[in-house]
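The block underneath contains the structure these notes are about, expressed in structure tokens.
The values are calculated or read from the model by the stated rules, or taken from the named source; none is laboratory data. The structure presented is a predicted model; accordingly, all values stated were derived computationally and were not measured. For neighbour counting, all protein chains shown are included, and Cβ atoms are generated from backbone atoms with ideal geometry for every residue, glycine included. The protein model used for the area step is the full one, side chains on, heavy atoms only, and it has no ligands, DNA or RNA in it. Shrake-Rupley method; radii C 1.70, N 1.55, O 1.52, S 1.80 Å.
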Amino acid sequence: MHQDERTSLLGATSAAIPSYDGIEENVPESADNMTRMTSDEPSGENYRKLPQYIAALSAAGGALAAGTVLGWTSPTQSALVDNQEYGFEISREAFSWIGSAMTLGAAAVCIPIGMLINMIGRKLTMLLLVLPFTIGWALIIWAANVPMMMVGRVLVGIAGGAFCVTAPMYTGEIASKEIRGILGSFFQLMVTIGILFVYAVGHGVNVFTLSIICALIPIIFGIVFFFMPESPLYLVSKDKMSKATDSIKWLRGEKYDHNAELTDLQAQIEEIQANPVSLAVAMRRRATKRALFISVGLMFFQQTCGINAVIFYTSDIFEAANTGIEPGVATIIVGVMQVVATFLATLMVDRLGRRFLLIASDFAMAICTLILGIYFHLKSVDEERVASLGWLPIVALCVFIVMFSIGFGPVPFIIIGELFSTDIKGVAGGAAMTTNWTLAFVITKAFPSMLESIGSGPTFWIFSGLSFLGTIFLIFFLPETKGRSLAEIQYILNGGQSPSAHCIVPGDETPPRK
């Protein structure tokens with residue numbers, strides 16, 4: 001089984017989505033706030049959603065590029081290791097490090113990039129990330145030895161990991177409240193499309209051609225995204241009110257009444273500037289500590305649900321069912337399921353809610369890995385006993401992939417983006433993603449040792465037990481964020497309760513009264 005078939009769904013670990021709000025202090029409601037419309041449409045017929053979709057999809061081009069990085073090792077291992085396509089020897093152990101080197105690069109960059117985006121802006125940061133992407137792919141394309149290829153993988157990992165922080169943050173800051181979940185889901189959807197793209201193209205071309213194609217994607221992204229607006233919140237934070245107005249009008253429509261939203265953004269920034277605190281103090285807030293606890297928990301249970309183990313066994317499961325499907329085609333089938341299920345998640349996340357999708361996803365995955373553990377344990381004891389049950393692991397695999405992609409794939413990053421306040425979201429979101437990428441590396445490297453020491457059945461049972469534990473965690477600690485403004489979420493995390501009577505229109509981020 002290819003290395004990236006152990007790590008392909010790490011695409012689901014690729015995005016912290018910090019968003020555009022978070023004042024948790026008491027801000028008295030003005031008479032103007034009390035009389036605002038409660039409709040989901042901020043400004044009736046003058047309000048436009050399409051430009052927000054365009055900007056979010058453009059930003060998600062970085063996710064497409066990150067997805068190609070994640071999927072690249074799957075179709076290339078045989079050519080590089082067995083056939084020595086590049087003319088120098090690459091052992092399986094060396095290729096394992098080449099495959100996982102990108103997770104180390106991604107883990108290293110998340111916190112620094114969280115600081116950089118507040119210095120130079122979201123848009124410029126993302127445009128600059130095209131550079132390490134291009135250099136990294138160039139080193140891979142013309143690699144003359146293993147170290148050169150590993151350095152290239154680290155660089156594309158840095159770029160991909162940085163995109164996983166910056167692009168979702170940008171998307172969260174340009175989105176109106178009623179479509180924030182949908183737009184936030186675009187990132188994970190594009191990651192899965194990127195993975196599927198590499199699986200499909202890599203099935204028909206050599207490594208050199210595949211790498212060139214992958215290198216073109218971030219360049220195309222840079223050209224398209226150059227024409228998108230900067231985040232209004234960032235522009236307000238830099239006192240560029242005229243540009244912030246232009247940005248809001250680009251995103252909401254030229255005739256949209258931008259004054260209320262601009263006033264709210266300015267009030268948020270003024271509140272932070274009027275009460276400056278150090279990073280250490282900000283991290284000790286009750287809301288921040290609860291947000292970190294939830295975020296790290298989501299990252300932990302996402303990585304320990306068993307997704308890498310399931311992908312690792314994709315070919316074995318298809319082979320056990322006597323499908324006659326070759327391993328490359330099996331991975332493409334899994335990639336298609338990922339894309340379709342993640343697309344469904346974009347339609348459901350603002351309807352069914354984040355909490356429901358996560359709980360249903362985690363519980364279903366726990367059942368699936370339990371079944372897979374039983375199957376592979378019985379197979380190891382007496383293969384004849386499960387000869388007629390080849391359909392069982394196929395069903396478990398498909399249900400697992402679908403439920404992961406609907407829930408625990410995209411939704412944790414949407415929630416993480418909604419939990420942190422403006423003044424610490426870059427660092428806190430980066431810390432959450434550092435945890436994610438570090439766990440991805442550790443679990444990916446430890447998984448083969450687990451198989452060798454305790455066997456595949458008990459390994460799946462461990463993942464199942466952790467998923468059941470994750471379900472309990474979600475039930476007791478995860479608040480529902482659907483339909484709540486980001487300020488309301490901060491209010492809840494800080495120990496308050498959100499009055500149902502308090503209605504805030506999209507763009508109004510004034511916290512409810514305590």
Within the stretch 342-410, which trypsin sites (Lys or Arg not before Pro) sit in a loop by DSSP and count at most 12 neighbouring Cβ atoms inside 10 Å? Arg351
Name the residues whose placed amide hydrogens come within less than 5 Å of the amide hydrogen of Asp257, ignoring near sequence neighbours (fewer than 5 apart) on the same chain. none
Met119 versus Phe208, label points 7 Å from Cα toward the beta carbon: distance in nm? 4.0
Please compute the length gained on full extension between Val224 and Val336, using 0.36 nm multiplied by the number of residues separating them and subtracting their Cα-Cα distance. 37.7 nm
Would you mind estimating how fast the stretch 407-481 diffuses translationally, via Stokes-Einstein at 10 °C and 1.306 mPa s with the Kirkwood radius over Cα pairs, in µm²/s? 109
Determine the gain in length on full extension of the stretch Arg286-Gln84; use 0.36 nm per residue of separation and subtract their C-alpha separation, reporting nm with one decimal. 67.2 nm
Rolling a 1.4 angstrom probe over the protein chains, ignoring ligands and nucleic acids, what is the accessible area of Ile332 in square angstrom, nearest 10? 40
Here FRET efficiency (C-beta to C-beta, Trp391 to Asn145, R₀ 45 Å, nearest 0.05) is 0.45
Would you please state the base-10 log of I(q)/I(0) at q = 0.23 1/Å for the stretch 231-294, with intensities from the Debye formula using one equal scatterer on every alpha carbon? -0.89
Projecting each Cα onto the charge dipole of the stretch 330-458 (Lys/Arg +1, Asp/Glu -1 at the beta carbon, about the Cα centre), which of Pro448, Met337, Gly429 comes out farthest on the positive side? Gly429
For Arg351 and Tyr53, what does the FRET efficiency come to when R0 = 25 Å and r is the distance between their Cβ atoms, rounded to the nearest 0.05? 0.90
Roughly what would the spin-label model give for Ile454 and Val201, points 7 Å off Cα along C-beta, in nm? 3.9
Would you mind getting me the FRET efficiency between Lys238 and Leu216? Use the beta-carbon distance for r and R0 = 30 Å, nearest 0.05. 0.35
Using heavy-atom solvent-accessible surface (probe 1.4 Å) with all chains present, what is the largest-first order of Phe356, Phe186, Phe133? Phe356, Phe186, Phe133
For the stretch 94-238, size of Cβ-based charge dipole, Lys and Arg +1, Asp and Glu -1, in debye: 120
Step by step: find N for the stretch 79-122, compute 2.2 N^0.38 Å, then divide the Cα radius of gyration by it. What's the final number? 1.80
Accessible area (Å², per residue) of the stretch 144-187, counting only protein heavy atoms and a probe of 1.4 Å: 18
According to a simple spin-label model (label point 7 Å from Cα along Cα-to-Cβ), what is the distance in nm between Asn46 and Asp257? 0.6
